[in-house]
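Have a look at the structure below, then the notes.
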Amino acid sequence: MAAPKKDQATTPTPPPPESGLRYFRDILGQDWVVSHLKTAMLAGRLSHAYLFLGPGGVGKATTARALAAALNCAQPGADGDACGTCPSCRRLHGGTHPDFLVISPEEGKNQIKIEVIRELRRVTEYPPLGGGWRVVLIKPAEALTAQNDAAANALLKTLEEPPPQHLLVLIARGEADLLPTIVSRCHKLAFAPLPSALIIQELESRRSLPRSQAALVAALSGGSLGRALALDPDELLRQRDQVLGDLARLNRGSTGLVLEWAQRLTKNRADLDNFLLLAQLWYRDLLLAHFQAPAGLLAHQDLLTTLEQARASAAPATWFANFAALGKAQRHLQANLNPELTLDILGLRLQRQGNPHDSR
Ligand SMILES: [Zn+2]
């Protein structure tokens with residue numbers, strides 16, 4: 001069987017080799033999805049197209065890879081999971097499996113080119129090269145829409161008449177940015193954000209982080225292990241200390257200082273976003289401490305004494321107000337309101353809350 005002629009620029013490429021998680025048994029915190037896929041696979045009732053929905057870094061692509069491994073494994077276990085040692089498993093692990101295709105936008109772009117989808121259609125006219133299943137991973141599926149309806153429509157044809165022994169997995173954060181015609185042709189599976197305790201445990205074992213640092217990183221990861229592993233804990237601690245210093249200065253400072261702070265922070269959007277997240281986390285911890293939540297739930301486990309002192313110095317109403325003001329500023333920035341003006345107002349709010357007797 002001859003493979004279709006391939007053009008280097010448009011051929012769907014195998015994913016780069018990755019170490020670490022690659023089988024169903026390695027996937028963390030997505031028990032329902034994994035069990036659903038294994039059951040469907042063993043019963044021969046897999047859908048021809050899946051849409052994996054959920055935040056980034058919670059295991060969607062890993063699950064697609066685990067599914068490809070299980071479907072092509074020469075000696076799967078009784079539960080259907082791949083063995084990890086047969087030639088198919090080894091090729092998948094090495095990123096050279098001919099029947100696992102990943103379609104993504106080119107580096108630096110956010111759309112998948114129509115030529116790539118056309119090439120995929122050509123490739124799928126032929127049976128899988130290894131005689132098993134060809135699994136095509138499209139990530140992110142959002143890259144198929146917007147001004148790129150041509151690519152989405154070309155894919156629809158494959159979704160409508162799936163060739164035998166082919167399975168498509170589309171990955172997206174949510175359905176809102178996808179074409180309804182694509183969504184309706186896929187079996188949807190929702191991936192949940194990972195629980196904080198699980199992320200802390202992984203950070204402790206994989207990064208050897210002390211629990212106090214792991215708790216802070218986990219609290220900022222939004223339930224994404226991928227994001228948690230990508231965050232630099234030392235840098236995060238440095239930023240956290242800077243944010244707590246800023247909050248203390250704002251509480252006591254003059255209006256001039258507030259405006260100066262706003263100007264400094266608006267120069268770097270990443271610093272600004274981090275300030276808003278870290279400051280909210282601080283007030284969240286003050287509130288949790290006030291309502292006597294177990295210490296294990298706190299993000300700032302290395303600062304229990306400081307938290308206790310801060311807790312004694314103001315009332316929960318202040319922290320609720322500050323927390324709300326930070327969330328409002330975040331929403332204003334997401335809506336592209338003027339960052340400096342948003343921060344001026346936020347700074348003045350935080351300052352006034354810190355000076356309850358200030359009558360200006
Ligand atoms: Zn195997």
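Note on the stretch 50-79: residues that are touching a residue at least 60 places away in the same chain (Cβ under 8 Å) and over 27 Å from Arg227 (Cα atoms) total 2.
The selection criterion, being buried (at least 20 other Cβ atoms within 10 Å of the Cβ), within 14 Å of the ligand (Cβ to nearest atom) and aliphatic (A, V, I, L, M), does not hold for Leu51. When every residue of the stretch 164-171 is checked against the conditions, none turns out to be crowded, with 16+ Cβ neighbours inside 10 Å, over 29 Å from Ile117 (Cα atoms) and in contact (Cβ under 8 Å) with a residue 24 or more places away in the chain.
Take the residues in the stretch 91-122 that are within 16 Å of the ligand (Cβ to nearest atom) and part of a loop (DSSP other than H, G, I, E, B); name whichever of them is nearest to the chain's Cα centre (by Cα). The residue in question is Gly95. The number of residues in the stretch 309-338 being among the aliphatic types (A, V, I, L, M), more than 26 Å from the chain's Cα centre (by Cα) and modelled with pLDDT under 90 comes to 4. When the stretch 153-174 is filtered for residues that are outside any strand (DSSP E or B) and closer than 14 Å to Leu137 by Cα, the ones remaining, listed by number, are Leu155, Thr158, Leu159. For the stretch 175-223, how many residues meet the condition of being modelled with pLDDT under 90 and over 26 Å from Pro140 (Cβ atoms)? The total comes to 1. Restricting attention to the stretch 49-80, the residues being under 25 Å from the mean Cα position of the chain (by Cα) and in a loop (DSSP other than H, G, I, E, B) number 6.
Count of the stretch 71-90 residues, restricted to those that are more than 7 Å from the ligand (Cβ to nearest atom) and crowded, with 24+ Cβ neighbours inside 10 Å, is 1. Within the set Ala192, Ala214, the sole residue that is surrounded by 15 or more Cβ atoms within 10 Å (Cβ to Cβ), closer than 26 Å to Leu278 by Cβ and in contact (Cβ under 8 Å) with a residue 40 or more places away in the chain turns out to be Ala192. Of all the residues in the stretch 60-92, those that are among the small types (Gly, Ala, Ser) and touching a strand residue (DSSP E or B) at 6+ places or on another chain (Cβ under 9 Å) number 4.
The values are calculated or read from the model by the stated rules, or taken from the named source; none is laboratory data. Just so you know, these numbers come straight off a predicted model, no measurement behind them. Virtual Cβ from ideal backbone geometry, glycine too; neighbours counted across all protein chains shown.
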